[in-house]
Amino acid sequence: MAFDIDMIKKVYANMAERVDKAREVVGKPLTLSEKILYAHLWDGNPTVAFKRGKDYVDFAPDRVALQDATAQMALLQFMQAGKAKVAVPTTTHCDHLIQAKQGAAPDLLRANEVSHEVFDFLESVSNKYGLGFWRPGAGIIHQVVLENYAFPGGMMIGTDSHTVNAGGLGMVAIGVGGADAVDVMAGMPWELRFPKLIGVKLTGELNGWTASKDVILKVAEILTVKGGTGAIVEYFGPGAKNLSCTGKGTICNMGAEIGATTSTFGYDDSMERFLRATDREEVADEANKIREYLTGDDEVYENPEQYFDQVIEIDLTALRPLLNGPFTPDLATPVGELGDKARENDWPLKVEWGLIGSCTNSSYEDLTRAASIAQQAIDKKLKPKSDFGINPGSEQIRYTASRDGLLQTFEKIGATIFTNACGPCIGQWDRSDMLGDQKNTIVHSFNRNFSKRADGNPNTHAFVGSPEMVAAIAIAGRLDFDPMNDTLINEDGEEVKLDVPRGIELPPLGFEVDDNGYLAPKEDGSSVDVIVSPDSERLQLLEPFEPIKPSELQGVKLLIKVEGKCTTDHISMAGPWLRYRGHLDNIANNTLIGAVNHFNGKTNFVKNQLTGEYAGVPDAQRAYKAAGVKTIVVGDHNYGEGSSREHAAMQPRHLGVAVVLVKSFARIHETNLKKQGMLGLTFANEADYDLIQEDDTFNFVDINEFAPDKQLTMEIVHADGTKDTIKLNHTYNQAQIEWFKEGSALNVIKKENAQ
């Protein structure tokens, strides 16, 4: 069944006219990314050629997707917007709050018991305001979106950084904070700085052990975790057409790990096959009518250097399988070379777990390729040396994979089949084989491998690879195993070698499911009650933020000077803290507890300038708040990398942090800070980071002159009375400055709706 087919037909009906007009306005052939962006302008037909990386543009996305951990705060904000129903098709997916421990059935039962209050809240809010609701166990948001909602040429936003997965079906799909989602759900324009464009030309064809995952692992190595910031990555070339739709989704999914706004592919035969296999023939038929508008112009792909800001070329035939890690998704090593590297760096060679699934690699094709390796272990009498965990991407995939015997194959080698949910990928893993902070190694097919990401252990060395490579290395139990060249000794003492993995793009018998877990909302939800107990520790109704007054930006104290990588996981951890995602005050108790203090190299240990004593970051900040003192957080490069979670902005805001000053921001986090009425600033001179001392006080001397394209001046007053005055950059436009002046973007929406 094709959801929202009338909306899709409307998008396609306008596509040709808008793209033709955009080509005329821009005066040159267009990339696919430009076609989709110009076709989704809030004002309709294009009239201006926008400057990449500079102009802020209002867009009209086609749909919104929310996952349960971020949906809570997004919907709590939407409840304040004064709207009776969402303005665009929107769905809520319960996939984050299910902990992997014993297996699918008991884990899902426990999740429904532990988190029933949150699930009931999300179901009732969805029912009241017209959102489709996918129950716990229905699947991982991005796989469910790919199977049901994504369509070529569409534009969507979602409150998860891996919303970009839908680029595998030719969308411009962008991860955002909940406040951005509220804008669109409330029927307002969504603002984005017009992205730069990175073109990746793929030639050749994948072969042997190399998989789609290796394409993005290679791109991550080339661009690093911040190389895609502010850009859309567009894949093209003959190699792109040789990839499956879900393989394209894998590549787009991990584009979040290079900081890209999103990634996408042009519409082709593999996408059409996937649409028809997932019961969306009508979408495929409509897409075929405007096929040339759903990919980049021929001239662009023939001479990409003339149309993209940067071009990368990868020969798939020559590409080697990679493992990326540990602790960062851009540290790539060819399989077979990892042994020497591990020994040099004292990384544990013994592999404790092989984890297959997540929103990145949980498709039917992924499971077949990994299962082909598992079956070889059975046939060749190899006993796996590592534990296995499998997370199917959706109930439809799980049901079909079970019908076709894939899950039974995994179970025969001792694998645990977890719920159709995120599980270990986002820290929802009750790992029973490790005690304390033991140093150990795991391999997985997920997208992120930051310290503490999977299991909360800072000494777990996580390496990212394709599902089939994860299966092979987990069977061998060693990080230095190279299945392309090495042999293993089986239970009979024989030397055996693994054969090349085999995958099946789409199930030969078709997809099948008994209950996909979807609940449609009431047509009229006015009678639905949404109840939040005032005594709840999981949910808390929001109070509007008060504007930060210019007078409060004098005498600002330093909360923490962060050293090195500071992701949204460091600012607002997941794992057990997910239970408080709907309660701002409770979850604020984890604010910045993972960030490293520059002055002592410790986490969650900062100086409280009011007392001179050291305390945890949230404790020190609550003391400042009680005293009416605003604070500043100082950070390094790519601050806020990782998840889209707006809690990383809302928590410091709630506790009284007024300013975040860094060398550079990750895109989503910078936007989230702006949305919550904070100052997100960067050093005009990065070396000024070194001027900041532990006992400093800060004065924003010209904050009354805050204006677009105008630097701010900050006076640093040191404890000995000496001063430094430095310049700060910002990217606020006039509308965003109004968010700051009103206290938040949501306050602006409420004010406009009240008029």
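Points to keep in mind about this one:
- Between residue 710 and residue 55, the simple label model (points 7 Å from Cα in the Cβ direction) yields a spacing of 2.5 nm.
- Stretching residue 317 away from residue 85 to a fully extended chain increases their span by 78.5 nm, per 0.36 nm per residue minus the current alpha-carbon distance.
- Here's how it looks for residue 416: its modeled amide H is under 5 Å from those of 388, 389, 390, which are all 5 or more places away or on a different chain.
- With helices as the sole contributors, the chain gives -9000 deg cm²/dmol at 222 nm; each DSSP H run of n ≥ 4 counts as -39500 (n - 2.57), and the sum is divided by every residue.
- Percent of beta bridges antiparallel (DSSP, region 298-447, rounded to nearest 5): 25 percent
- Positive contributions from Lys and Arg (+1) and negative ones from Asp and Glu (-1), summed over other residues with Cβ under 14 Å from the Cβ of residue 696, come out at -2.
- Positive-end ranking of 284, 700, 258 along the dipole of the chain, with charges on Cβ about the Cα centre, is headed by 700.
- Using a Förster distance of 60 Å, the FRET efficiency for residue 285-residue 719 (Cβ separation, nearest 0.05): 0.25
- Overall shape of the chain was characterised from the C-alpha gyration tensor. The equivalent ellipsoid obtained from it has semi-axes of 38, 31, 26 Å, in decreasing order.
- From the largest down, region 555-693 spans 38, 34, 27 angstrom on the principal axes of its Cα atoms.
- What the phi angles of region 482-492 give under the Karplus curve with 6.51, -1.76 and 1.60, with θ = phi - 60°, is a coupling list of 10, x, 6, 10, 8, 10, 10, 9, 8, 5, 8 Hz, glycine and proline written as x.
- If you wrap region 122-170 in the convex hull of its Cα atoms and look at it from every side, the mean projected area works out to 3.7 nm².
- Given +1 at the Cβ of Lys and Arg, -1 at the Cβ of Asp and Glu and no other charges, the dipole of the chain around its Cα centre is 880 debye to the nearest 20.
- Based on C-alpha pairs under 8 angstrom that are at least 6 apart in sequence, region 186-328 has a relative contact order of 38 percent.
- Here region 562-709 is assigned +1 on the Cβ of each Lys and Arg and -1 on the Cβ of each Asp and Glu. Its dipole about the Cα centre then comes out at about 760 debye.
- Summing charges over neighbours of residue 310, with a neighbour being any other residue whose Cβ is under 14 Å away from its Cβ, gives 0 when K and R count +1 and D and E count -1.
- For residue 462, residues with placed amide H under 5 Å, excluding near neighbours: 327, 442
- Of all DSSP-defined beta bridges confined to region 156-304, some 5% are antiparallel rather than parallel.
- Cβ-based net charge around residue 507, under 10 Å, with every Lys or Arg adding one and every Asp or Glu removing one: -3
- Linear extension gain, residue 551 paired with residue 589, 0.36 nm per residue minus alpha-carbon span: 11.0 nm
- Normalised alpha carbon radius of gyration of region 151-306 [divisor 2.2 N^0.38 Å]: 1.02
- Ordering 427, 173, 592 by the projection of their Cα atoms onto the charge dipole of the chain, which places +1 on the Cβ of Lys and Arg and -1 on the Cβ of Asp and Glu, puts 592 at the extreme positive end.
- Farthest positive-ward along region 156-306 dipole, Cα basis, beta-carbon charges - from 208, 236, 247: 208
- Each Lys and Arg contributes +1 and each Asp and Glu -1, all at the Cβ; summed about the Cα centre of region 638-755, the dipole is approximately 700 debye.
- Straight-line cross-link reach from residue 21 at under 19 Å between alpha-carbon atoms covers these lysines, not counting any fewer than eight positions away in the same chain: 10, 35, 51, 289.
- Mean shadow area of region 1-98 over all directions, Cα convex hull, nm²: 8.9 nm²
- Computed over the alpha-carbon pairs of region 495-540, the distance histogram in 5 Å steps reads 4, 10, 8, 9, 11, 11, 8, 7, 10, 8, 6, 5, 3, 1 percent, short to long.
- Separation of the residue 727 and residue 340 label points, Cα + 7 Å toward Cβ, nm: 4.8 nm
- Inter-site label distance for residue 735 and residue 411 at 7 Å from Cα along Cβ, in nm: 5.3 nm
- DSSP beta bridges in the chain [antiparallel fraction, %, rounded to 5]: 35 percent
Laboratory data are not the source of any read-out in this text; all were calculated from the coordinates shown. Here the structure is a predicted model, which means the values were calculated and not measured. Cβ coordinates were reconstructed from backbone atoms using ideal geometry, including for glycine residues, and neighbour counts include every protein chain displayed.
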